């Protein structure tokens, strides 16, 4: 007979949704996994410097050139101002989409097996991993903010806007890191994962509004952009991060899409995560 203390479906279990302390405990389990990521960054701060190279190249080279030639219509915004939120979203995407390879490393080191025998629900494990990717995304946000400010981008320093940017970055990183974890659970090997990750990153990036407005896209690409979560992340960042920035869908709609995508991917990841250990 299954012990009631270990059965998450038992009403008296601390991991049962029927237990009133369950939400607090579940959130604490997620935050514990996210805190592990902070330890990694503290032990290897040089990773932050290497991660800064890619957004610096996009802003310093691509942004400066296209701002001068006025090749892309961006309305009342300078192209550099238009591009900065897209570069931030791209940086978060590139970190999150390859997060699954870290999960495969953990499987090889035996850490996944230890997590799976813990009393934490599978969804909490998946969401905890997603939040840890968000920690890295926030570090990228600080780097992009500094670079953009040095390049004369008109930043919005309103505290509520900064909070909104932080939430958007966390959501975006969580969405794509969970998607990455699902891929890792399916392919299970580092070599296959790297190949698929490289195939996915550029289409996700270019089929969004990160570099150019959706209005100038061909019709077939517009359809792809409208179902791409990165589009809604960039849309929210552009409205919150830049003075005079506007949103095409509305901040509420952007957050709703990202929340729904995260919820759906978390449920799928929770079902597939145990398969990683087999």
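The values are calculated or read from the model by the stated rules, or taken from the named source; none is laboratory data. These figures come from a predicted structure and were not determined experimentally. FYI the Cβ positions are ideal-geometry reconstructions off the backbone, even for glycines, and counts take in every protein chain you see.
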task = All but one of (1) crowded, with 16+ Cβ neighbours inside 10 Å; (2) modelled with pLDDT of 90 or more; (3) under 28 Å from residue 155 (Cβ atoms) hold for residue 265, so report the exception by its number.
result = (3)
note = Output for Cβ contacts, cut-off 7 Å, separation at least six or different chains, first residue free of Cβ contacts under 8 Å to residues at least 40 places away in the same chain and at negative phi in the stretch 257-268, second part of a helix (DSSP H, G or I) and surrounded by 14 or more Cβ atoms within 10 Å (Cβ to Cβ), reads 257/229; 257/232
remark   = From the option list 138, 163, 146, single residue qualifying as outside any loop (DSSP other than H, G, I, E, B), out of contact with any helix residue (DSSP H, G or I) (no Cβ under 7 Å at 6 or more places or on another chain), closer than 28 Å to residue 225 by Cβ and free of Cβ contacts under 8 Å to residues at least 40 places away in the same chain is 163
Criterion: within 28 Å of residue 246 (Cβ to Cβ), buried (at least 24 other Cβ atoms within 10 Å of the Cβ) and more than 12 Å from the chain's Cα centre (by Cα) - qualifying residue of 173, 148, 184 = 148
request  = For residue 171, indicate whether it is closer than 16 Å to residue 263 by Cα and modelled with pLDDT under 90.
outcome  = no
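Here is a yes/no grid of residues against (1) outside any helix (DSSP H, G or I); (2) at pLDDT below 95:
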| residue | (1), (2) |
| --- | --- |
| 183 | no, yes |
| 186 | no, yes |
| 195 | no, yes |
| 203 | no, yes |
| 235 | no, no |
| 244 | yes, yes |
message = Please verify whether residue 208 is buried (at least 16 other Cβ atoms within 10 Å of the Cβ) and within 26 Å of residue 101 (Cα to Cα), treating the condition exactly as stated.
response = yes
query = Applying the selection to the stretch 243-256, what residues are out of contact with any strand residue (DSSP E or B) (no Cβ under 8 Å at 6 or more places or on another chain) and either under 15 Å from residue 85 (Cβ atoms) or touching a residue at least 12 places away in the same chain (Cβ under 8 Å) (or both)?
reply = 244, 245, 246, 247, 248, 249, 251, 253, 254, 255
message = Kindly evaluate residue 240 against the criterion of being touching a helix residue (DSSP H, G or I) at 6+ places or on another chain (Cβ under 6 Å), in contact (Cβ under 8 Å) with a residue 24 or more places away in the chain, within 16 Å of residue 85 (Cα to Cα) and in a helix (DSSP H, G or I).
response = yes
message = I'd like the full set of residues that are without any contact (Cβ under 8 Å) to a residue 24 or more places away in the chain and within 18 Å of the chain's Cα centre (by Cα), limited to the stretch 208-225.
response = 225
request  = Would you mention how many residues in the stretch 63-74 are surrounded by fewer than 13 Cβ atoms within 10 Å (Cβ to Cβ) and either under 18 Å from residue 150 (Cβ atoms) or in contact (Cβ under 8 Å) with a residue 40 or more places away in the chain (or both)?
outcome  = 3
